[in-house]
Amino acid sequence: MSDSAETIAARPSSTATRAGNGQFRRSLVGGPVTALPAVVIGLAILAFAPAYYTHLALAAFVNLIIVVGLQVFMGNSNIANLGHSAFVGIGAYGVAVLSTPLAMKKLSIPNAPFGLAFVELNPFIAAVLALLVVAVLAAISGKIISRLSGVAATIVSLALLIIVHSVFLNWTDLFKGNQAFFGIPKVINLPAMLVASVAVIVIARLFKDSRWGLQLRASAQSPQAAAAFGIDAKRLRLMAWVLSALICGLAGVLFAYFAGTISPKLFYFQQIFITLAMLILGGMATVTGAVTGVIVLSIGLEFIRSIESGVTIAGIQLPQLLGLSGVALGVVIVLCMAFRPGGISGRLELDEQLSRLFRRNVR
Amino acid sequence: MLSVEAVSKTFGGVQALRQASLSCATGEILGLIGPNGAGKSTLVNAISGVLRPDTGSVKLADRDLTGRGPEECARAGIARTFQNIRLFKELTVRQNVEVAHITCRDVRPDAADRIDIDRLLAHYELDVAADVPAGTLSYGSQRRLEIARALALGPSLLLLDEPAAGLNETESETLAEAIEAIRRDFGCAIIVIDHDLRFINRLCGRLCVMDQGKVIASGDTEEVWRDPRVIEVYVGQTS
């Protein structure tokens, strides 16, 4: 301990509040920096790529928003979540039921309950209402999840996914069951998707760096010590769960509005695993990790899909390798868990890595 | 400041605490000693809200905290360190301290204003490592961080659970000086548990000796060491 004569507790100061504001500003700057790689790729596709790639990019940005939403809960609470696609589905079906034109509804869900067959809302209002439904269901399920920890919470999240999926499949009057729900207004294009992605990334950064994010991360690392320092971990887990669900719900809304057609199987295990693999690969401790994982795996999987169907390289015809992308996804999770559990980006956000690099170079 | 009255606790037939009572005043350093399994840690857990006592009461400045849970005890102003270090390992050193300071700002803003995190870190020689993950610190630094974090809560009662464990003689000498400085600067009540009797005798004006869940003696340090029951416990243990 230093033997300085000055006492530690002597000077009244407001460094605490100043530090708080500084942190807020840092995350406001850090968020867009974190989003930068995704934005650059998005703009490049917008400017140069053919329409087919635009469609792929839209799907990838939906995944990006889901993975960022997943990071908000998993990254801060350190509890694996296998149910987030339930909220993506609720968001998507919410706007599908509320905003699809009446003429289309007459064909697809003529017998919808609560008079919903005769409702055609403005897409924006429909989105707000769908997210409201997501928030209510997240608050109810979160009440249960936040009381649990570790494996128990994960199993409940999985149960939630299965319940929601069953409802989509079997409440045919409202959701059209197994068949595709079509005719949803296509109101989202790539620029709108980019804006939404950046907003979501900034929100995730603000939450992570906020006092609640910090407290939640502390409680994930030592529940006993967190309690001994006055942290109410349950409340914080609930908060992160609802925010995460809202972001995933937004991803569902955006998906429905660009694809125009949805079906229940889109919001099930395949989506769960692909987004989970992205987050694990990128590194779930940071929002940067979420972005990195989505970029690397989206490009990687697209490449694998292109050789899956059998290509000709230097005159040699390769055989069809159907299912290769599924295998690759599993391999990515296994290798990453075994050799780099922190993922590609590790502990630091992109802006933190950059400022560290910059400082080192200055020295 | 702190008054614990007739606290008992049974774990599956084993009586860990039997009618244990103690008190600790503001500005006092109380040593809590006794052989292994005497119930010291159980008593500390009852004070910090980790355990709900079967009977008896725990009061801090006339506020009843019996069985209120660790979060509420922390908010009431009880800070502690852990025998087996429990830092937030992946958070940075500064963030560890900030977590405690956030709670302090919520419940006692005036106390929080008096605590300067930069100075606190500098005082405990943690300023150079402020931005590294706490888990990567050396053992001695981790012990210092435990104390710095507890102080950032602006406590009115500080519980130090074996702070000198694993330290050599010079290090525990420095630690004793630091704890004395805390008493002076923060004016809080301090309870120290330790097995290093030389460290305890040097530091504590008053002792509380436990054996088999009971408080067998308490009072001024010199007086306590003249108590035949204390001599029996300690001599009996060493022979």
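Please treat every number below as a calculation from the coordinates, not as lab data. None of these values were measured; they are calculated from a predicted model. As a convention, Cβ positions derive from the backbone with ideal geometry for all residues, glycine included, and neighbour counts pool all protein chains shown.
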Please name which of B:G49, A:G343, B:V215 has its Cα lying farthest along the dipole of the protein assembly as shown towards the positive end, using unit charges on Cβ (Lys, Arg +1; Asp, Glu -1) and the Cα centre as origin.
A:G343
Per the protein assembly as shown, sqrt(5λ) over the Cα gyration tensor eigenvalues, sorted largest first, in Å, gives 56, 27, 22
Eligible lysines near B:K9 by straight Cα distance, threshold 16 Å, same-chain separation 8 or greater
B:K40, B:K214
Under 16 Å from A:K186, Cα to Cα: lysines that are on another chain or at least 8 residues apart
A:K105
Take A:V362, A:V287, A:V164 and order them by how many other Cβ atoms sit within 10 Å, fewest up front.
A:V362, A:V164, A:V287
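Work out, step by step, the length gained on full extension between A:E120 and A:V296: first 0.36 nm times the residue separation, then minus their alpha carbon distance; give nm to one decimal.
Gain on extension, A:E120 to A:V296, equals 59.4 nm.
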Excluding same-chain residues fewer than 8 positions from A:K143, which lysines have a Cα within less than 23 Å of its Cα?
A:K208, A:K234
A chain fully extended from B:E173 to B:E72 at 0.36 nm per residue, minus the present Cα-Cα distance, gains in nm 33.0 nm
Residue farthest toward the positive end of the dipole of the range B:102-239, with Cβ of Lys/Arg at +1 and Asp/Glu at -1: which of B:A164, B:G154, B:Y124?
B:G154
Could you calculate the contour length gain from A:Y52 to A:D173, that is, 0.36 nm times the residue separation minus the distance between their Cα atoms, to one decimal place in nm?
40.2 nm
With each pseudo-label sitting 7 Å past Cα toward Cβ, what's the B:S23-A:S166 distance in nm, one decimal?
6.1 nm
Estimated distance in nm for a label pair at B:S138 and B:T10, the labels positioned 7 Å out from Cα along Cα-to-Cβ
4.9 nm
How crowded by other chains is B:55-61, given as the mean number of beta carbons from other chains within 10 Å of each beta carbon?
0
Ellipticity estimate at 222 nm from DSSP helix runs (n ≥ 4, -39,500 (n - 2.57)) divided over the protein assembly as shown, nearest 500
-19500 deg cm²/dmol
Simple label model, 7 Å out from Cα along Cβ direction - A:V331 to A:I144, nm:
3.8 nm
With Cα springs under 10 Å, the Gaussian network model of chain B assigns the largest mean-square fluctuation among B:P35, B:P109, B:P228 to B:P228
Suppose R0 equals 41 Å; then what is the FRET efficiency for A:A192 and B:R52 from their Cβ-Cβ distance, rounded to the nearest 0.05?
0.15
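Rounded to the nearest 0.05, what FRET efficiency do B:V107 and B:R202 give with R0 = 35 Å and r taken as the Cβ-Cβ distance? Could you check?
According to the calculation, E is roughly 0.55.
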